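Data first, discussion second: the structure below is written as structure tokens.
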Amino acid sequence: MSILADPLTIPVEERVRPARSLYWRGWSLAQISSELDVKYDTVKSWARRHNWEDAPSIRKLEDCLETRLMVLICKDKKTGDNYTELDALRRQVESLAKVRRYEAPGGHSGDLNDKVANRNAGEKKKAKKNHFTADQAAELKAMFLDQLYGYQEAWFEALSFRTVVEGFHEMIRRKTEEDLVPWIERGRGSLVASFANGIARDVAAVRAAIVTSWSNGQTEGQITKLKLVKRQMYGRGKLDLLEARLVGTAWL
């Protein structure tokens, strides 16, 4: 099968590459001479000058793949089989590229086998799912609050209030005094800001209330302050009642 419609339309000096491609595909010099309409001695001199015979196998394969790929790519109307072949050729090109990297200075077995490369790469850190940075979270919260109606703002404040108060109760129950300072910061930004500020002023007494028994002498020495804190944390004003007041105020 002829690879050229009219060999005579190509200048002789530009027929070296197709001649080499045919030679690497097993054509004899005489067959190439006839196919490309080039003198036998000219084809022979090309083969000797460019050392076609001693070219490495990978170079011959690359040339063969490239030639076939060009034929398929240039087809105006491609069939399903054409696309299947293109995909297979692409994978073969990738495989040869891996061999090239392996043969290059510094090449290693990981260049040939992706599994080996992945194993030597070390453990990959898993991406955090739906992760937001602190700045992104703050921006989202600001956008959310800007879109709230008045009654929704009251609900949101009531929810925040409940979260802060329950956090305080949990801290007392578990006796986790290391959570006290972070809780004060959260409380100062909520509806219990005045209470949080009072806690901050008497932080030593509150810390003692969290971690020390009431019968302890150090704690008894500040009993008046501690009783005030106790009444506020477990409350004469119930949580549900306070929420009802907040929501009710928003409807007025």
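The numbers here are math on the coordinates, done by the rules we state, and not lab data. Note that the structure is predicted; figures quoted are calculated from it, not measured. When we count neighbours, we look across all protein chains shown, and the Cβ atoms used for this are built from the backbone with ideal geometry, even at glycine.
Rounded to whole numbers, the Karplus 3J(HN,Hα) couplings from phi for the stretch 18-31 are x, 5, 5, 4, 5, 5, 6, 8, x, 6, 7, 4, 5, 5 Hz, using 6.51 cos²θ - 1.76 cosθ + 1.60 with θ = phi - 60°, and x at Gly and Pro.
Considering only Leu180, Ser160, Val206, and ranking their Cα positions along the charge dipole of the stretch 148-214 that arises from unit charges at the beta-carbon of Lys, Arg, Asp and Glu, the one farthest toward the positive end is Val206.
Oblate is the label for the stretch 12-117, because the ratio a/c of its alpha-carbon gyration tensor axes (a ≥ b ≥ c) is 1.5 or higher and a/b is not greater than b/c. Over all other residues within a Cβ to Cβ distance under 15 Å of Met70, the charged ones net out to +2, with Lys and Arg as +1 and Asp and Glu as -1. Once both labels are positioned 7 Å from their Cα atoms along Cα-to-Cβ, the gap between Val211 and Glu178 label points is 1.1 nm.
For the stretch 148-214, the dipole from Cβ point charges (+1 on Lys and Arg, -1 on Asp and Glu) about the Cα centre works out to 160 debye, to the nearest 20.
Checked against a 31 Å cut-off, the cross-linked pairs Lys78/Lys126; Lys39/Lys60; Lys39/Lys77 give Cα-Cα distances beyond that limit for Lys78/Lys126; Lys39/Lys77. Shape of the stretch 49-108 from its Cα gyration tensor (a ≥ b ≥ c, root eigenvalues): rounded if a/c is under 1.5, otherwise prolate when a/b > b/c, or oblate? Since a/c reaches 1.5 but b/c is at least a/b, the shape of the stretch 49-108 is classed as oblate.
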